[in-house]
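A.B. asks: Just dropping this structure here.
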Amino acid sequence: MFGKRKGTDRERIRERSEDLLKAVAHGRDLEGSWDPAGMLPGVSGAQLDRIMERLEQEELAEWRDGGWRLTAAGRRRALELLRAHRLMETWLSRQRGRPAKEVHAEADKAEHLLTPAGMDELADLMKRPRFDPHGDPIPERRHDLHHPQQKHLKDMAEGSAALVAHIEDEPESDYLELQHMGLAVELPVRILKQEHGSTRIELAGEQLELPTRLAAHIEVVPFPEDRPFPDHLRRLSSLKQGESGLVEFISPACMGPERRRLLDFGMVPGSEVTCEFASPFQSPIAYRVRGTTIGLRNSQAMEIFIRKPS
Amino acid sequence: MTSGELLKQVESLRWQLPRNFHDRLTESLYGEANRIASRRTFRAGDSRRLALQRTMDRVLTSPWTGFPVMAVIFTIVLWVTIAGANVPSGMLYTLLIDNGVPFLKGLTGAIHMWGPLEGFLVDGIYLTCAWVVSVMLPPMAIFFPMFTLLEDFGYLPRVAFNMDRLFQSAGAHGKQSLTMTMGLGCNAAGVIAARVIDSPRERLIAIVTNNFSLCNGRWPTQIMIATIFLGALAPAPVASLTAAFSVFAIAAIGFLMALLTSWMLSRSFLRGEVSAFSLELPPYRPPRIWRTLYTSIIDRTLFVLWRAVVFAVPAGAVIWLIANISFSGHSVAWWMVTTLDPVGWFLGLTGVILVAYIVAIPANEIVIPTVLMLTVHMTGLSGVGEQGAGVMFETGDNAILHQILTAGGWTTLTAVCLMLFSLCHNPCSTTIYTIYKETKSAKWTAVATFMPLLIGVVLCALVAFVWRSF
């Protein structure tokens, strides 16, 4: 599946020029012009010259209308690299259960080694996923990139309902902070208040105050009009001892073996869960589901969504 | 419609599906299967039993009673092991050594066996094996079944449940408490048990720190030293309780060391995300005593005993040889002990103990017999062990043991440091080999081997320094 890897200088230039192509594709505007230094921050001028020389030689990029632009071949290659990166991220988190923190850096390395045939193999293995773990669309094998109609969270009207569609994974510290707050793609949110410097949202019965720095990383799609907004949604972690709820779904952020294990325990839609007792340090907490008692840490109980029976 | 158009349409429809449609589909299948099943299955509504289970869970996991109950249970297990093992140990000793050795000597005498060969076989190999059996079998035959009973009863998962938070803050997994309790029986078994931890990072932490669980080969050392030196400090009625308590304290220090080293590893070389914890807490049920006795004696006790005997054979041979082969007028053992004596003093130990630990790398079980043999060899004590040089022996009489060890220059400090060193030193060769097999990494095997040794050296030197300063 992977090609051979050599650590030569030429190889490094190739990898950097691939990084540049991917960065252009990541910016979603494949037709427009861009500044090489802006796409590859931290790379020296001499190296940038060599990178651009190489891209020009291979007819992947050209200087046209007063700026650097991708050629048709360049656009294809750029989408291919983006596809490799997002497939790799999806595979690492779904199949290997790797934490979100690690998959980005690992995919950055692996994408240079993945051949187009390898990508197809990987995609088929996972039943051709459409979105990576961060909610980004994965380019198709015929190199089309689907652009969903997404809006920034901070542009949504007060009182509107939406589904989280994308969470930007860079910078990492912001991403982890959002993850820690329990935000994940596909979760329904209600925008309560747009203020200068922050956005207040409601998610599963809890209010979250997002500073603009964090809100800027979140893109949403309007909540489908043909479905009622799930106002009854709560996190399992909100149950107090002795209370019960019915499982609605497990957060898409919970993937791989961890997700399968929860499903095996019977944490499936419609199951009744009761909060039984806590350990001496208040975490983990024991829940009873389908006649089995299981201990879950708070971070996991946050990923299971329930409805309280009225 | 051409095939190209058709593919395009499929592609665009594909993107119109809800995002998590795959997961939703799988989950609704699970959900539907469960609904159908629950419509046709009926649970016996034994609510009184459920209430009892609840009450037990409340008691065993509450912030007030959870840990005290845990401490009491483990102290009782240890105390029963210590107190209960004495009598059968003595009986085995009488059978295998008091009667066995003269019997074998009679046999070898009858066939006029060459003296040194007789010494090598009977005084070296047979005596070491006999010692290992009589010292190890009774405590194991008590400890393992009791442990299995706790497991069978459903208590051990509650221990992992209670402990998880501690392990989480150390960057490790709650199931590590299960591998550690398994390690109380045998570290090699504990290392293998780490397979239940899914995250490779947390599994490695569990493997590297498993040695801090006092294994079965070390319990007899702890128990014997605690009984002879620390129990004797207390008035007679509470002597065995004092001994049990000091052994419990050492085990607790081991637990803290495991947490501390886990914390250090997860903050340095094994940095990474703390993974999920999901553990089934099975219902309590009355343990099946006979079955438990049978399986724990066959699967665990005899298995571990056999391993110990296999390793005791070469160790017994080496012990006899170093005591009987001489260089420039002194035995190899004498040279080794004399060279290591200054190091031993620095660590609050003796040269004899260090030599014993080198010889006993194959099995921790033979540390004490080697210490006794070497002490008699070095001091030339008469009245005990008159079988001759390099003869390993035990005596059921604690007073005589105390007399031998004091003659070897032992003090209470030596006892304390030995107990600490027995907790913190390199794992036995079987465990080292198992670690290599499980991690496939020479680097981590080396870390698991030398880290506890280094900690032991620092700890003992520190204790000896502070002790002597007062």
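The values are calculated or read from the model by the stated rules, or taken from the named source; none is laboratory data. This structure is a prediction, so every number in the text was calculated from the model and none was measured. Quick reminder, even Gly has a Cβ in these numbers, built from the backbone with ideal geometry, and neighbours come from all protein chains shown. SASA here: full protein model, heavy atoms, side chains in, ligands and nucleic acids out. Shrake-Rupley method; radii C 1.70, N 1.55, O 1.52, S 1.80 Å.
A.B. asks: Just one of A:Arg290, A:Arg297, A:Arg234, A:Arg227 is out of contact with any helix residue (DSSP H, G or I) (no Cβ under 8 Å at 6 or more places or on another chain), of a type in the set (Lys, Arg) and within 10 Å of another protein chain (Cβ to nearest Cβ); which is it?
C.D. replies: A:Arg227
A.B. asks: Suppose the filter is touching a Ser or Thr at 6+ places or on another chain (Cβ under 7 Å) and modelled with pLDDT of 80 or more; does B:Leu241 pass it?
C.D. replies: Criteria not met by B:Leu241.
A.B. asks: Does the stretch A:122-132 include one or more residues that are in contact (Cβ under 8 Å) with a residue 40 or more places away in the chain, more than 20 Å from A:Ile51 (Cα to Cα), within 14 Å of chain B (Cβ to nearest Cβ) and part of a strand (DSSP E or B)?
C.D. replies: Yes, the stretch A:122-132 contains at least one residue that is in contact (Cβ under 8 Å) with a residue 40 or more places away in the chain, more than 20 Å from A:Ile51 (Cα to Cα), within 14 Å of chain B (Cβ to nearest Cβ) and part of a strand (DSSP E or B).
A.B. asks: What do you reckon, is A:Asp174 buried (at least 19 other Cβ atoms within 10 Å of the Cβ) and either assigned to a helix (DSSP H, G or I) or in the same structural domain as A:Thr212 (by TED's automatic domain parsing) (or both)? Lay out the reasoning, then the answer.
C.D. replies: On the way: buried (at least 19 other Cβ atoms within 10 Å of the Cβ): no; either assigned to a helix (DSSP H, G or I) or in the same structural domain as A:Thr212 (by TED's automatic domain parsing) (or both): yes.
In short, no.
A.B. asks: What strands (runs of 3 or more DSSP E), lying completely within the stretch A:199-310, carry at least 2 residues that are open to solvent by 40 Å² or more (accessible area, probe 1.4 Å), of a type in the set (Ser, Thr, Tyr) and in contact (Cβ under 8 Å) with a residue 24 or more places away in the chain?
C.D. replies: Details: elements: A:206-211, A:218-222, A:233-235, A:244-250, A:272-278, A:285-289, A:292-296, A:304-307.
Passing ranges: none, list empty.
Rundown of residues vs (1) under 11 Å from the mean Cα position of the chain (by Cα); (2) in contact (Cβ under 8 Å) with a residue 40 or more places away in the chain; (3) over 22 Å from B:Glu151 (Cα atoms), yes/no style:
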{"site": "B:Leu166", "(1), (2), (3)": "no, yes, no"}
{"site": "B:Gly171", "(1), (2), (3)": "no, yes, yes"}
{"site": "B:Gly174", "(1), (2), (3)": "no, yes, no"}
{"site": "B:Thr179", "(1), (2), (3)": "yes, no, no"}
{"site": "B:Ala188", "(1), (2), (3)": "yes, yes, no"}
{"site": "B:Ile192", "(1), (2), (3)": "no, yes, no"}
{"site": "B:Asp198", "(1), (2), (3)": "no, yes, no"}
{"site": "B:Glu202", "(1), (2), (3)": "no, yes, yes"}
{"site": "B:Ile207", "(1), (2), (3)": "no, yes, no"}
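A.B. asks: Having 2 or more residues that are touching a helix residue (DSSP H, G or I) at 6+ places or on another chain (Cβ under 9 Å) and small (Gly, Ala, Ser) is the bar; report the helices (runs of 4 or more DSSP H) wholly within the stretch B:239-328 that clear it.
C.D. replies: On the way: elements: B:239-267, B:289-295, B:303-324.
The qualifying helices (runs of 4 or more DSSP H) are B:239-267, B:303-324.
A.B. asks: In addition: Do we have B:Phe147 as in a helix (DSSP H, G or I) and either surrounded by fewer than 24 Cβ atoms within 10 Å (Cβ to Cβ) or at pLDDT below 80 (or both) here?
C.D. replies: yes
A.B. asks: Quick check, is A:Ala105 open to solvent by 10 Å² or more (accessible area, probe 1.4 Å) and either outside any helix (DSSP H, G or I) or free of Cβ contacts under 8 Å to residues at least 60 places away in the same chain (or both)?
C.D. replies: So A:Ala105 passes the test.
A.B. asks: Scan the stretch B:166-176 and tell me whether some residue there is modelled with pLDDT of 85 or more, surrounded by 24 or more Cβ atoms within 10 Å (Cβ to Cβ) and closer than 25 Å to B:Ile432 by Cα.
C.D. replies: Yes, the stretch B:166-176 contains a residue that is modelled with pLDDT of 85 or more, surrounded by 24 or more Cβ atoms within 10 Å (Cβ to Cβ) and closer than 25 Å to B:Ile432 by Cα.
A.B. asks: With the condition kept exactly as written, say whether any residue in the stretch A:129-136 is hydrophobic (A, V, I, L, M, F, W, C) and either open to solvent by less than 10 Å² (accessible area, probe 1.4 Å) or modelled with pLDDT of 85 or more (or both).
C.D. replies: No, every residue in the stretch A:129-136 fails to be hydrophobic (A, V, I, L, M, F, W, C) and either open to solvent by less than 10 Å² (accessible area, probe 1.4 Å) or modelled with pLDDT of 85 or more (or both).
A.B. asks: Here's another thing I want to ask about it. Hey, among B:Met70, B:Met91, B:Met113, which residue is of a type in the set (A, V, I, L, M) and open to solvent by 60 Å² or more (accessible area, probe 1.4 Å)?
C.D. replies: None of the other options fit; the residue is B:Met91.
A.B. asks: Just to check your reading of the model, which residue among B:Thr292, B:Thr301, B:Thr261, B:Thr339 is polar (S, T, N, Q) and open to solvent by 80 Å² or more (accessible area, probe 1.4 Å)?
C.D. replies: B:Thr339
A.B. asks: Quick test for you: out of A:Met181, A:Met126, pick the one residue that is closer than 30 Å to A:Glu18 by Cβ and surrounded by fewer than 17 Cβ atoms within 10 Å (Cβ to Cβ).
C.D. replies: Numbers: A:Met181 fails: closer than 30 Å to A:Glu18 by Cβ.
Selected residue: A:Met126, the only one of A:Met181, A:Met126 that is closer than 30 Å to A:Glu18 by Cβ and surrounded by fewer than 17 Cβ atoms within 10 Å (Cβ to Cβ).
A.B. asks: Okay, next question. Quick check: anything in the stretch A:68-83 in a loop (DSSP other than H, G, I, E, B), at pLDDT 80 or above and open to solvent by less than 40 Å² (accessible area, probe 1.4 Å)?
C.D. replies: Within the stretch A:68-83, one or more residues are in a loop (DSSP other than H, G, I, E, B), at pLDDT 80 or above and open to solvent by less than 40 Å² (accessible area, probe 1.4 Å).
A.B. asks: If I ask for residues that are part of a loop (DSSP other than H, G, I, E, B) and surrounded by 11 or more Cβ atoms within 10 Å (Cβ to Cβ), which ones from the stretch B:1-17 would you list?
C.D. replies: Once the filter is applied, which keeps residues that are part of a loop (DSSP other than H, G, I, E, B) and surrounded by 11 or more Cβ atoms within 10 Å (Cβ to Cβ), the stretch B:1-17 yields B:Trp15, B:Leu17.
A.B. asks: Specify which of the listed residues (B:Asp57, B:Asp98) is out of contact with any helix residue (DSSP H, G or I) (no Cβ under 7 Å at 6 or more places or on another chain), farther than 30 Å from A:Pro284 by Cα and of a type in the set (D, E, K, R).
C.D. replies: Going through B:Asp57, B:Asp98 in turn, just one is out of contact with any helix residue (DSSP H, G or I) (no Cβ under 7 Å at 6 or more places or on another chain), farther than 30 Å from A:Pro284 by Cα and of a type in the set (D, E, K, R): B:Asp98.
A.B. asks: Same structure again: Say we look at the stretch A:1-37 and pick out the residues that are open to solvent by 20 Å² or more (accessible area, probe 1.4 Å) and of a type in the set (A, V, I, L, M); which of these is modelled with the lowest pLDDT?
C.D. replies: Across the stretch A:1-37, the extreme among qualifying residues is A:Met1.
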